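Peer 1: Structure below; questions to follow.
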Amino acid sequence: MVAIVLTLGVIGVAKLEDAGVIREPVTQYVTSGKDFMAMKKWVATMINDPGADKVAVMADPHKENPFSAYESMQPYKEGVIVSYSQPLAIDAQESGLVIFTGFTRESGKTITVLYDSGDEVTYGYVGTFTKLPYTAVKKGDTLGLMGEEAIYLKVKRDGVKMDASLLPAYLSGGEQ
């Protein structure tokens, strides 16, 4: 109920800004990704998210991340284009929130996830979406499927675009 009231309040303030009644850009302070993550965590504590409990499982600690086995990586716009020998499923790297699914000129069908670590990762040239915007995801959840053997990738850490030279280490899990 509180989330609905908060959402209606943000929409109302945005409409007042558009009409010129409010001259200060208030919505920019409450519509950033960090604010959405703070609201998500706050609402999750109120409804006692059963998925928040950790369960220990046995797994191969040396299992290679499929994204780390790329064939080539080329800088493109604000990110990189990474090519693979076959299309892959795009899985969440950790828990987070899907903040955008749609089409952009820069990267075609695109999905952006704001992870709990603060990293904002944009995956472009997606073939099929499996998550909708403002959906909470957990590590390993499938976000979408590649349409071809290439994907556009852009990573922002603390609001700053990560340099393309750091992305190979990021893909292999070494840059966290």
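The values are calculated or read from the model by the stated rules, or taken from the named source; none is laboratory data. Just so you know, these numbers come straight off a predicted model, no measurement behind them. Every residue, glycine as well, gets a Cβ built from its backbone with ideal geometry; the counts of neighbours run over all protein chains shown.
Peer 1: Answer yes or no as to whether T110 is modelled with pLDDT of 65 or more, assigned by TED's automatic domain parsing to the domain that holds A164, buried (at least 17 other Cβ atoms within 10 Å of the Cβ) and not charged (D, E, K, R).
Peer 2: Numbers: modelled with pLDDT of 65 or more: yes; assigned by TED's automatic domain parsing to the domain that holds A164: yes; buried (at least 17 other Cβ atoms within 10 Å of the Cβ): yes; not charged (D, E, K, R): yes.
So T110 fits the description; yes.
Peer 1: Consider only pairs whose beta carbons are under 9 Å apart and that are at least six residues apart or on different chains; among these, list those whose first residue lies in the range 144-167 and is exposed (fewer than 14 other Cβ atoms within 10 Å of the Cβ) and whose second residue is in a helix (DSSP H, G or I).
Peer 2: Matching pairs, first to second residue: G159/G33; G159/K34.
Peer 1: Can you confirm whether the range 80-87 contains a residue that is assigned by TED's automatic domain parsing to the domain that holds E148, hydroxyl-bearing (S, T, Y), in a strand (DSSP E or B) and closer than 24 Å to S165 by Cβ? I'd like the intermediate steps shown before the answer.
Peer 2: Keep residues of the range 80-87 that are assigned by TED's automatic domain parsing to the domain that holds E148, which gives 80-87.
Remaining after also requiring hydroxyl-bearing (S, T, Y): 83-85.
Still in the list and also in a strand (DSSP E or B): 83.
With the extra rule that they be closer than 24 Å to S165 by Cβ, the set shrinks to 83.
Looking for residues that are assigned by TED's automatic domain parsing to the domain that holds E148, hydroxyl-bearing (S, T, Y), in a strand (DSSP E or B) and closer than 24 Å to S165 by Cβ, one finds at least one in the range 80-87, hence yes.
Peer 1: Now, a different point. Of the conditions (1) in contact with a Pro (Cβ under 9 Å, 6 or more places away or on another chain); (2) touching a residue at least 60 places away in the same chain (Cβ under 8 Å); (3) within 22 Å of M73 (Cα to Cα), S172 satisfies every one except a single condition; which number is it?
Peer 2: (1)
Peer 1: Output the residues belonging to the range 123-143 that are surrounded by 14 or more Cβ atoms within 10 Å (Cβ to Cβ) and small (G, A, S).
Peer 2: Once the filter is applied, which keeps residues that are surrounded by 14 or more Cβ atoms within 10 Å (Cβ to Cβ) and small (G, A, S), the range 123-143 yields G124, G127, A136.
Peer 1: When you check K156 against the structure, is it basic (K, R) and farther than 19 Å from Q74 by Cα, yes or no?
Peer 2: Considered against the rule, which asks whether it is basic (K, R) and farther than 19 Å from Q74 by Cα, K156 comes out as no.
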